[in-house]
Each structure stands twice: as structure tokens, then as C-alpha cells.
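Read the figures in this text as sums done on the coordinates, not as results from a lab. Just so you know, these numbers come straight off a predicted model, no measurement behind them. All Cβ positions, even for glycine, are placed from backbone atoms using ideal geometry, and neighbour counts span all protein chains on display.
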Amino acid sequence: MIEIEAGDSVSPRVFPATRLPLSVGRRSVDFPLDRHGVWDRHVVLSRDDEGWIVATPHAEAAIFREGKQLGPSTRLKNGDSLELGSARLRFRISSGRQRSLLTLETLTWSGLLALVLAQILLLIRF
């Protein structure tokens, strides 16, 4: 899962992105940002052919990472801080939730218990 954190450090707004592509901007987008200098559809986050997450800005919009303007399609790294007009976004890949292993563990322990009981019965019988 991808998390995008927007706003100031006191009250950041975290958006969990569960699907890509994801559009960010003022209007008609998945993640709205109503800030000065942000275009209607400022940037789209998507995956490239190798599975990397890339930021593709609108043709006339500018995105900066650490003070340097990004190109037409730039790969993002975990923890990148992006500037879209007056908005600052922190991009991070969050850890996925581990699926529950309760059923598998229960079956495993039940099988081991059955095996021990079978061995005890064999010892008593012979």
C-alpha cells in the first residue's frame, strides 16, 4: 500500500492509496489538494513496466523533489518529499498487513497432537 501525507507537521492528512493510477490535484482527482499553485490534475502516480511507482505531472505543471524539478515521468523512492505549488507531499510505501495464520497454525498443532496420540496408542498396543 502507498501512503501520501499532505499538510503541515502538526496535522498531516494521510491518504492510503490502494490502487494505481492515482491522480492528485484540485478537481476531479482521487486525492484532492486545494492549495495555491496546484493544478486541477497536477500529477498522476502509476506503475511503470518494471513495477516502480512513477510520478507523471501535467504537461504544464511543475513538481519538485528536494528543490529539483522532476522530469516528465520520474520514479519515486520511499520517503520522497514532493512539492506541488504550495503543497508538500511525502510519499511512502507502507508495510502490508500480514494475513492471519490462525487457521494454518490450528491445523498444524492439531496434526501434531494427532500424531503424538497415535504414537502413544501404538506404544500401549505393542
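Which of His58, His42, His36 has the fewest other C-beta atoms within 10 Å, and how do the rest follow up to the most? Spell out each step's value before the answer.
Numbers: His58 16, His42 26, His36 7.
By the 10 Å Cβ count, ascending: His36, His58, His42.
Give the relative contact order (percent, whole number) for the chain; include only Cα pairs under 8 Å separated by 6+ residues.
Details: 208 pairs, mean separation 25.8, N = 126.
Relative contact order, the chain: 20 percent.
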task = Measure nothing fancy, just the Cα-based angle from helix 102-125's long axis to the longest principal axis of the chain, in degrees from 0 to 90, nearest 10.
result = 10 degrees
ask   = Which one of Thr106, Thr56, Thr18 has the biggest mean-square fluctuation once the chain is modelled by GNM with Cα springs under 10 Å?
value = Thr106
query = Dimensions of segment 2-93 along principal axes (Cα, Å, largest first)?
reply = 35, 27, 27
